[in-house]
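The values are calculated or read from the model by the stated rules, or taken from the named source; none is laboratory data. Nothing here was measured: the structure is a model prediction, and the numbers come from that model. Methodologically, a virtual Cβ is constructed for each residue, glycine included, from the backbone with ideal geometry; neighbour enumeration extends over all protein chains shown. Just so you know, the surface numbers come from the protein's heavy atoms only, side chains and all, with ligands and any DNA or RNA stripped out. Shrake-Rupley method; radii C 1.70, N 1.55, O 1.52, S 1.80 Å.
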Amino acid sequence: LIAAAPESLPPRSVPILYTTDLYHPHDDPDDHYDLLTLFAMPEFDILGIVIDTGPKGAGRAAEPALRQMMSLSGREIP
């Protein structure tokens with residue numbers, strides 16, 4: 001069995017609304033890896049990113065990380 005190369009597969013659009021407790025500076029790196037994974041997969045149509053910081057993260061929303069990912073990937077996400 002030979003699998004088709006990813007570039008030969010038809011594009012898929014999986015709508016994603018991503019909610020995270022992404023902080024800046026970070027508390028744990030897993031949220032940044034999750035974000036990188038979403039941006040790296042072109043079949044994901046990221047409709048929006050909700051940053052839920054709660055009281056612990058007041059004033060620490062990871063907007064710098066989001067802006068950097070959008071700049072590097074060329075994707076604009078609300």
Spot the failing condition for TYR33; the list is (1) outside any strand (DSSP E or B); (2) hydroxyl-bearing (Ser, Thr, Tyr); (3) open to solvent by less than 90 Å² (accessible area, probe 1.4 Å), and only one is missed. (3)
If I ask for residues that are out of contact with any helix residue (DSSP H, G or I) (no Cβ under 9 Å at 6 or more places or on another chain) and either in a helix (DSSP H, G or I) or without any contact (Cβ under 8 Å) to a residue 24 or more places away in the chain (or both), which ones from the range 40-62 would you list? MET41, PRO55, LYS56, GLY57, ALA58, GLY59
So ALA65 passes all but one of these: (1) open to solvent by less than 60 Å² (accessible area, probe 1.4 Å); (2) modelled with pLDDT under 80; (3) not in a loop (DSSP other than H, G, I, E, B). Which condition number does it fail? (2)
Could you list, in sequence order, the residues of the range 30-39 that are under 18 Å from SER71 (Cβ atoms) and out of contact with any helix residue (DSSP H, G or I) (no Cβ under 8 Å at 6 or more places or on another chain)? THR37, LEU38
Of all residues making up the range 42-58, the number that are open to solvent by 60 Å² or more (accessible area, probe 1.4 Å) and of a type in the set (A, V, I, L, M): 3
Given the conditions (1) surrounded by 10 or more Cβ atoms within 10 Å (Cβ to Cβ); (2) modelled with pLDDT under 80, and given that ALA3 satisfies all but one, which numbered condition is not satisfied? (1)
